[in-house]
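Trainee: Sending over a structure as structure tokens; questions will come in a sec.
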Amino acid sequence: MNSIKIMLLEFIRNQIYEIKGWCRGRNGYARIPLVLLFMYIFFRHLTSIDYQSILHPLNLGIHEFGHLIFSFAGQFINILGGPLIEVAAPFAGMWNFYVQKDYFSLMLCLGWLSTALFSCARYVGDARSMELPLVSPFGTACHDWNYLLGEMHILPWDHAISSFIGSIACLSMVVCLWASGWIIWSMINQPNK
């Protein structure tokens, strides 16, 4: 257990060192508007459950594409595929930017993940009442979470599950804002050498 802790701390220390090196010579000021945008998005999500950010159309398109990708796999997996791909896309973005060593963009993908999770939380919270308007480019719309939670016999837990997902969305955005702010600060406060 102690060796795992030591390895984890060593990994984190190496990542911080690498990020600081990556920041050297980069323009932090040009990135500030993106962080401010995500701060605004976060504030709006916290103050209105009905808020849909500028990323909502992207998340919705990816969600619907997820249904298409899993259309061959039976009804349960087909319906699960929408929210699964909607949440997986930001993780793919994070992995892409991690491989490219673009740490600021990686953090923005964490903010993107937060918007997808807020959307998912809103949809899960509507599972019993089914009041949200549904969108489907493939014909008859089905309320994904009413079906999924009903099939798993946990439909009465929709609000608790929604709150849990919303908490993860908040955590994701807080980490995005803190880390991207730290990266900008590192860019601004390091010499170009």
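Please treat every number below as a calculation from the coordinates, not as lab data. From a predicted model like this one, the values you see are computed outputs, not experimental measurements. Heads up, the Cβs are rebuilt from the backbone with ideal geometry, glycines too, and the neighbour counts pull from every protein chain shown.
Trainee: Counting other beta carbons within 10 Å of each Cβ, put L171, L8, L60 in order, fewest first.
Mentor: By the 10 Å Cβ count, ascending: L8, L171, L60.
Trainee: How large is the helix-only mean residue ellipticity at 222 nm for the chain, computed as the sum of -39500 (n - 2.57) over DSSP H runs with n ≥ 4, divided by its residue count, in deg cm²/dmol to the nearest 500? Write down the numbers at each step before the final one.
Mentor: Values: 7 runs with 139 residues, N = 193.
About -25000 deg cm²/dmol.
Trainee: May I pose another question? Which helices pass in the chain if a helix is a full DSSP H run, must span at least 20 angstrom along its long axis by Cα, and must have mean Kyte-Doolittle hydropathy not below 1.6?
Mentor: Helices meeting the criterion: 32-47.
Trainee: Continuing with this model, one more query. Would you mind counting up the charge near M187? Only other residues with Cβ under 11 Å from its Cβ, with Lys and Arg at +1 and Asp and Glu at -1.
Mentor: On the way: positive: K20, R24, R26, R31; negative: none.
The answer is +4.
Trainee: Based on the Cβ-Cβ distance of M152 and L9, what FRET efficiency does E = 1/(1 + (r/R0)^6) give at R0 = 35 Å, to the nearest 0.05?
Mentor: So the FRET efficiency works out to roughly 0.35.
Trainee: Also, I was wondering about something else. Distance in nm between label sites at L68 and V99, each 7 Å beyond Cα in the beta-carbon direction?
Mentor: Placing both labels 7 Å beyond Cα along the Cβ direction yields 2.3 nm.
Trainee: Would you be so kind as to identify which of G150, S119, L106 lies farthest towards the positive end of the dipole of region 54-188, taking Lys and Arg as +1 and Asp and Glu as -1 on Cβ and the Cα centre as origin?
Mentor: Of the options given, the answer is L106.
Trainee: Over the chain, what per residue volume does the convex hull of the Cα atoms give, in whole Å³? Can you show the working numbers first?
Mentor: Values: hull volume 29.6 nm³, N = 193.
In the chain, the Cα hull volume divided by residue count equals 153 Å³.
Trainee: With +1 on each Lys and Arg Cβ and -1 on each Asp and Glu Cβ, and nothing else charged, work out how big the dipole of the chain is about its Cα centre, in Debye to the nearest 20.
Mentor: Numbers: 11 positive and 11 negative charges, 219 e Å.
Computed charge dipole of the chain: roughly 1060 debye.
Trainee: Report the extension gain between Q75 and L134 in nm, rounded to one decimal, defined as 0.36 nm multiplied by the number of residues separating them, less their alpha carbon distance.
Mentor: Contour length minus Cα-Cα distance gives 19.5 nm.
Trainee: May I ask you to list the chymotrypsin sites (Phe, Trp or Tyr not before Pro) in region 1-109 that are in a DSSP loop and have at most 13 other Cβ atoms within 10 Å of their Cβ? Spell out each step's value before the answer.
Mentor: Values: sites: F11, Y17, W22, Y29, F38, Y40, F42, F43, Y51, F65, F70, F72, F76, F91, W95, F97, Y98, Y103, F104; in loops: Y51, F70, F72.
Qualifying residues, ordered by number: F72.
Trainee: Name the chymotrypsin sites (Phe, Trp or Tyr not before Pro) in region 109-193 that are in a loop by DSSP and that have at most 15 other C-beta atoms within 10 Å, would you? Write out the running numbers ahead of the final one.
Mentor: Numbers: sites: W112, F118, Y123, F138, W145, Y147, W157, F164, W178, W182, W185; in loops: F138.
Listed in order of number, the matching sites are F138.
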